[in-house]
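Visitor: Quick one: the structure is below, questions incoming.
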Amino acid sequence: MSTDDPGARFARRWVGVYTSRLPPRHAVERRNEILSDLWEHHTDAVQAGRSRLRHNLEVIERVLSGIPADLSWRRGIQQSQQRLDTGDPMTNQQSTPRSTTVLIAVAGLGIIAPFPFVALLGTGLRSRELLWVLGSFALAAVLAVGLGLRLRTQRPVTSTGLLLVGAFAPSLAWFWLPPVYLVTVAIMVVAVYTARNEPIMQASNI
């Protein structure tokens, strides 16, 4: 077990993605914070005697569950920087960030929904079961791409289309639990609603 395990590499790559094109000070601080967290998690795992597989799965799970918060943090940094650059107080944005936060939250649930089934991949799944697991992850990936803030602000129609397709990730992953279907419906509704408000967001950022 080392701090260069697959889980740690995945975490570092993700933080590199969502801190890209941000002011260097904020990006470096965030990356250093994540590196510190990874080291502490690694140390705890060694002291507790957890296996390498379990340690990596825990790190990946933490990264995936933290995606909504990471994207919300990135958006906050971008908006703060825009206010500094343009002097625009953006007072007409009060309602839109709330709906965007809701989108990030419900989409985040959809993205992490298939994750509990990672452990099944090494248990000799039948072809139909393997397709079910891989299909769930594929839809979650589509959902994550559609949630990308750069795509969301520059190509809201494309982003919304991807979100509508990826919204089926939790329903496919947990098809035997009908209440989970409400997550799919929520993602679709909020995705369409926020797309309608996206031009307001773009206009206020000029």
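Visitor: Put a dot 7 Å past each Cα toward the Cβ at ALA119 and LEU177; how far apart are the dots in nm?
Guide: According to this spin-label approximation, the distance is 1.4 nm.
Visitor: Next up: Taking 0.36 nm per residue of sequence separation and subtracting the Cα-Cα distance, how much length would be gained by fully extending the chain between ARG62 and ARG31, in nm to one decimal? Spell out each step's value before the answer.
Guide: On the way: separation 31, 0.36 × 31 = 11.16 nm, distance 1.54 nm.
Value of the extension gain: 9.6 nm.
Visitor: Once you put a point 7 Å from the Cα of ASP4 and another 7 Å from the Cα of LEU84, both along the Cβ direction, what distance in nm separates them?
Guide: The modelled label-to-label distance comes out at 3.4 nm.
Visitor: First check a/c for the stretch 1-65, with a ≥ b ≥ c the square roots of the eigenvalues of its C-alpha gyration tensor; if it is under 1.5, answer rounded, and if not, answer prolate when a/b is larger than b/c or oblate otherwise. It would help to have the intermediate numbers written out before the result.
Guide: Numbers: a/c = 2.96, a/b = 2.04, b/c = 1.45.
Prolate.
Visitor: Residue farthest toward the positive end of the dipole of the stretch 1-65, with Cβ of Lys/Arg at +1 and Asp/Glu at -1: which of SER51, SER36, GLY16?
Guide: GLY16
Visitor: Among 69-77, 135-143, 22-30, what's the highest-first ranking by average C-beta atoms within 10 angstrom per residue?
Guide: Values: 69-77: 17.1, 135-143: 20.3, 22-30: 13.9.
Listed from highest to lowest mean packing, they are 135-143, 69-77, 22-30.
Visitor: So, one more: In nm, what is the difference between 0.36 nm times the number of residues separating LEU131 and TYR193 and their Cα-Cα distance? Provide the component values of the computation, followed by the final result.
Guide: On the way: separation 62, 0.36 × 62 = 22.32 nm, distance 3.20 nm.
Stretched fully, the LEU131-TYR193 segment lengthens by 19.1 nm.
Coordinate-derived values only; no laboratory data. All figures in this text were calculated on a predicted structure; none of them were measured in a lab. Cβ: placed from backbone, ideal geometry, glycine included. Neighbour counts: every protein chain shown.
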